[in-house]
Amino acid sequence: DVLIRMEDVYKYHYTESMQTAALNGIDLEIKHGEFVSIMGPSGSGKSTLLNVIGMIDKMDDGLYQFEDYQINGLSQKDRASIRKGNMGFIFQSFNLIDELTTFENVELPLLYLKISKAERKERVEKALESLEMMHRKDHYPQQLSGGQQQRVAIARAIVVRPKLILADEPTGNLDSKNSEAVMNIIKELHAAGSSIVMVTHSHKDAAYAERTIQLFDGNILENESNLKAI
Ligand code: ADP
Ligand code: ADP
């Protein structure tokens, strides 16, 4: 039951006269319900791979299949529509909108999906309750701690009920206590059936995943089961 299949994927970044192959022939398969972590040194292509999987970045060559969709060749508009209906993002720097309250930040992806006001309220409140953030629904991001901001960002990611959650260093700006809390939330989302792909520098965080992909210079160096490794 394949969620993602990539074959020989290339992605180049251009600066001045330089061309960098950020992804240099990636072959990858991820099944429904899997929890995969991506590790590797700075500059090895982790963020680029996550952004290509999340259809934020367009790949330059190769095949990318997401469920029944052939992503390569789709317009930006079609990619965005598949992304918004199927994926939730969690970032290192939370990426909340400072001018919006907790409630409004979490509601935003549902506005894009044209979901009715009554259902938006129900889904936002349910997401905030599951993250124990209802009591902060009218607060603005700057009035929240880092750990609370990340919980709001996770609520925003899950409110669309995504098939896939993409996390880029989700604990990168958190202390160890909040990091553990956030990883336990991600673990619960996985247990509830979400597929998760997470970029991390932390071996501790990576150990929550079932499988770790090691990137080096835009290539997959290792693809190992964490269960076997333990
Ligand atoms: P990582 O997330 O592992 O640190 P990245 O995916 O950010 O790696 O970057 C992979 C390579 O592509 C690096 O050499 C980086 O400098 C380059 N790169 C990434 N994004 C851009 C960009 N927007 N413009 C130019 N080069 C980029
Ligand atoms: P990370 O710690 O997630 O790897 P980076 O600091 O490598 O983050 O990059 C953050 C973002 O900056 C990347 O997503 C990429 O789009 C952009 N970026 C990275 N390297 C370059 C580069 N050499 N030139 C321009 N933009 C870059």
Can you confirm whether segment 64-87 contains a residue that is open to solvent by 60 Å² or more (accessible area, probe 1.4 Å), away from ligand 2 (no atom under 16 Å from the Cβ), touching a residue at least 24 places away in the same chain (Cβ under 8 Å) and in contact with a helix residue (DSSP H, G or I) (Cβ under 9 Å, 6 or more places away or on another chain)? yes
Which of (1) free of Cβ contacts under 8 Å to residues at least 12 places away in the same chain; (2) surrounded by 14 or more Cβ atoms within 10 Å (Cβ to Cβ) is the odd one out, the single condition PHE103 does not satisfy? (1)
Filtered residue count, segment 176-230, keeping only those that are away from ligand 2 (no atom under 16 Å from the Cβ), part of a strand (DSSP E or B) and closer than 23 Å to LYS163 by Cβ: 7
Restricted to segment 1-44, and to residues that are part of a loop (DSSP other than H, G, I, E, B) and within 11 Å of ligand 2 (Cβ to nearest atom), which residue is farthest from THR200 (Cα to Cα)? GLU16
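Tally up the residues in segment 119-175 that are under 22 Å from MET39 (Cβ atoms) and assigned to a loop (DSSP other than H, G, I, E, B), please.
Of all residues in segment 119-175, those under 22 Å from MET39 (Cβ atoms) come to 150, 153-154, 157, 164-175.
Imposing the further condition that a residue be assigned to a loop (DSSP other than H, G, I, E, B) reduces the set to 169-175.
Qualifying residue count, segment 119-175: 7.
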Among the numbered criteria (1) more than 20 Å from ILE90 (Cβ to Cβ); (2) open to solvent by less than 60 Å² (accessible area, probe 1.4 Å); (3) within 19 Å of the chain's Cα centre (by Cα); (4) near ligand 1 (Cβ under 9 Å from one of its atoms), which single criterion is violated by MET6? (4)
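For residues in segment 9-33 being open to solvent by less than 80 Å² (accessible area, probe 1.4 Å) and on the phi > 0 side of the Ramachandran plot, which is farthest from ligand 1 (Cβ to nearest atom)? Walk me through it before giving the result.
Filtering segment 9-33 down to residues open to solvent by less than 80 Å² (accessible area, probe 1.4 Å) leaves 9-13, 20-26, 28-30, 32-33.
Imposing the further condition that a residue be on the phi > 0 side of the Ramachandran plot reduces the set to 25, 33.
On the way: GLY25: 14, GLY33: 25 Å.
The extreme case among them is GLY33.
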Does segment 123-139 contain at least one residue that is open to solvent by less than 50 Å² (accessible area, probe 1.4 Å) and either of a type in the set (Gly, Ala, Ser) or touching a residue at least 60 places away in the same chain (Cβ under 8 Å) (or both)? yes
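Quick grid of which residues meet (1) polar (S, T, N, Q); (2) at pLDDT 95 or above:
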residue	(1), (2)
LEU164	no, yes
ILE196	no, yes
THR200	yes, yes
ALA206	no, yes
ASN223	yes, no
LYS228	no, no
Can you go through VAL160, VAL152 and tell me which one is away from ligand 1 (no atom under 16 Å from the Cβ), touching a Pro at 6+ places or on another chain (Cβ under 6 Å) and within 13 Å of ILE90 (Cβ to Cβ)? VAL160
Subset of segment 143-163, residues surrounded by fewer than 19 Cβ atoms within 10 Å (Cβ to Cβ) and either under 9 Å from THR102 (Cα atoms) or out of contact with any Leu (no Cβ under 9 Å at 6 or more places or on another chain) (or both), comes to GLN143, SER145, ARG161
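The values are calculated or read from the model by the stated rules, or taken from the named source; none is laboratory data. Owing to the predicted nature of the structure, the values given are computational and were not obtained by experimental measurement. Glycine also receives a Cβ, built like all others from the backbone with ideal geometry; neighbour counts cover every protein chain displayed. With ligands, DNA and RNA removed, areas are computed over all heavy atoms of the protein, side chains included. Shrake-Rupley method; radii C 1.70, N 1.55, O 1.52, S 1.80 Å.
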